[in-house]
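The values are calculated or read from the model by the stated rules, or taken from the named source; none is laboratory data. Note that the structure is predicted; figures quoted are calculated from it, not measured. The area values use the complete protein model at the heavy-atom level, side chains included, leaving out ligands, DNA and RNA. Shrake-Rupley method; radii C 1.70, N 1.55, O 1.52, S 1.80 Å.
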Amino acid sequence: MVSKILEKLVTFKSLSMNHAENKKALNYISSQLKGLPVYIKLFESNSFPSLTITTKKTKKPKLWLQGHFDVVSAPSKLFKAKYKGSKMFARGVYDMKYATACYIQLLKDLGSDLPKYDFGIMITTDEEIGGFNGVAKLLDSGYSSKLCFLPDGGESWCFQESSKGILQLKVEAKGKSAHGSRPWEGENALEILFSFLEEVKLLFPKEPCGDRSHYHKSINIGKIEGGVSTNQVPASAIANLDIRFTPEENSAKIFSNIKMVAKRYKNVVVNKIIDEPSTKADKENGYVKLFSKIVFDKFKIKTGFTKSHGSSDARHFAKHKIPTVLIRPEGGNIHSDTEWIDIKELNKFYEALKEFVTQISK
């Protein structure tokens, strides 16, 4: 059963930077496929392990089933599944180890019939920190497909229609140090930085914005550093900004506007850390319609569409012009201590996935 596989998978403390644990997990997954007619490869990029499993000896199957195995930090107690009714609770249970559990079950169920199909499974361990050593690295090295199925977006049987892009910036402000008792003799870099950030925030909608969906560009001041001691005027200060933008907005324009503000501050420098695109799905995509039909025919579930404030590895597939289908069953509270998935809905999801894969990859 998928739930039993998932119970085991959540026991791995697979934080993105825990390379040893992630490699251990991928080796465990490989061991579960022993004897099956598949091609298994383990990769590493900057110590981040990734795993590919294909039914043909190829880097370009018709379909990739993709999932990330890494999770965000959590107390040790969350790495053991607990139940309340039909809900399973654990770190990573919904984001997104349930997908890997489905993939393992799929390979086992198809068994000796696997050579009749042309699909691959791609499991990576760095999505939570950008996916640059996982999906991005594999795609850049020649891995491809006609379609990617990635259940790391959408909510409660709704397809992800679009997701926001990511623009992360580093802001550095310079001042002049002086004794804390004589601040007039110095120039406080933190105060310069604060003034700059207040101006930059005016370029974004103010919250509460009045829009319940909040589907607009946003800015988060995620980290500020400055100063050496309390009794010294800081000579330098740094802030890290996390900006999200919709497909209708442009990161180059956002960055240009922020740089214009910086020009009014002689001692402020702004540099990009990450500039990753937003994604927008084709709602009329035939694969979307097929999965929707399967779900309705089997379970009378009507699918819908939703928009995401976050991002996923789908953007890496988009760069290579590979369409991606993102949808998942009932679950929620990602990255919290009460992350959950509904097991009854997970079983339905698995049955729909199996039908979908066997139809399009035969």
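Need one word for the range 208-313: rounded, prolate or oblate. Basis is the Cα gyration tensor (sqrt eigenvalues a ≥ b ≥ c); a/c below 1.5 gives rounded, then a/b vs b/c decides.
Verdict is prolate for the range 208-313.
For the range 211-257, what does the relative contact order come out to in percent, with C-alpha contacts under 8 Å and a separation of six or more? Walk me through the numbers before you get to the answer.
Numbers: 48 pairs, mean separation 18.2, N = 47.
RCO, the range 211-257: 39 percent.
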| task | With all protein chains present, calculate the accessible area of residue 143 using a 1.4 Å probe and round the result to the nearest 10 Å². | result | 10 Å²
| task | Give a residue-ordered list of calculated ³J(HN,Hα) values for the range 328-334 (Karplus: 6.51 cos²θ - 1.76 cosθ + 1.60, θ = phi - 60°; whole Hz; x for Gly, Pro). | result | 8, x, 5, x, x, 6, 4
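With a ≥ b ≥ c taken as the square roots of the eigenvalues of the C-alpha gyration tensor of the chain, please select rounded if a/c is under 1.5 and otherwise prolate if a/b is larger than b/c or oblate if it is not? Intermediate values should be presented prior to the final figure.
On the way: a/c = 2.16, a/b = 1.93, b/c = 1.12.
Cα axes put the chain in the prolate bin.
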| task | Would you mind telling me which residue in 341, 238, 123 has the biggest mean-square fluctuation in a Gaussian network model of the chain, where springs connect alpha carbons within a distance under 10 angstrom? | result | 238
| Per the 1.4 Å probe, what fraction of the accessible area of the range 41-161, in percent, lies on carbon and sulfur atoms? | 48 percent
| message | With θ taken as phi - 60° and the coefficients 6.51, -1.76 and 1.60, list the Karplus ³J(HN,Hα) couplings across the range 163-177 in order, rounded to whole Hz; mark glycine and proline as x. | response | 9, 7, x, 10, 10, 10, 10, 10, 10, 10, 10, 10, x, 9, 6
| field | In Hz, Karplus ³J(HN,Hα) per residue of the range 49-56 (6.51, -1.76, 1.60; θ = phi - 60°; x = Gly, Pro) | value | x, 9, 10, 10, 9, 10, 8, 10
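Multiply the residue gap between residue 283 and residue 351 by 0.36 nm, knock off their C-alpha separation, and tell me the result in nm, one decimal place. Before the final figure, lay out the partial values.
Working: separation 68, 0.36 × 68 = 24.48 nm, distance 2.25 nm.
The residue 283-residue 351 span can extend by a further 22.2 nm.
Given Cα pairs under 8 Å that are at least 6 residues apart, what percent is the relative contact order of the chain? Could the numbers behind the result be given before it?
Numbers: 753 pairs, mean separation 83.8, N = 362.
So the answer I get is 23 percent.
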| said: Per residue, how large is the accessible surface of the chain? Use a 1.4 angstrom probe and give square angstrom. | reply: 47 Å²
| field | Equivalent ellipsoid semi-axes, the range 80-230, via Cα gyration tensor eigenvalues times 5, rooted, Å | value | 47, 20, 18
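Kindly identify the range 1-58 as rounded, prolate or oblate by the Cα gyration tensor criterion: order the square roots of the eigenvalues as a ≥ b ≥ c, call it rounded if a/c is under 1.5, otherwise compare a/b with b/c, prolate if a/b is larger, else oblate. Could you put the intermediate results ahead of the total?
Numbers: a/c = 2.67, a/b = 1.12, b/c = 2.38.
In terms of gyration-tensor shape, oblate.
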| Fully extended contour minus Cα-Cα distance, from residue 298 to residue 335, at 0.36 nm per residue | 10.2 nm
| Extension gain residue 242-residue 207, at 0.36 nm per residue separation less the Cα-Cα distance, in nm? | 11.0 nm
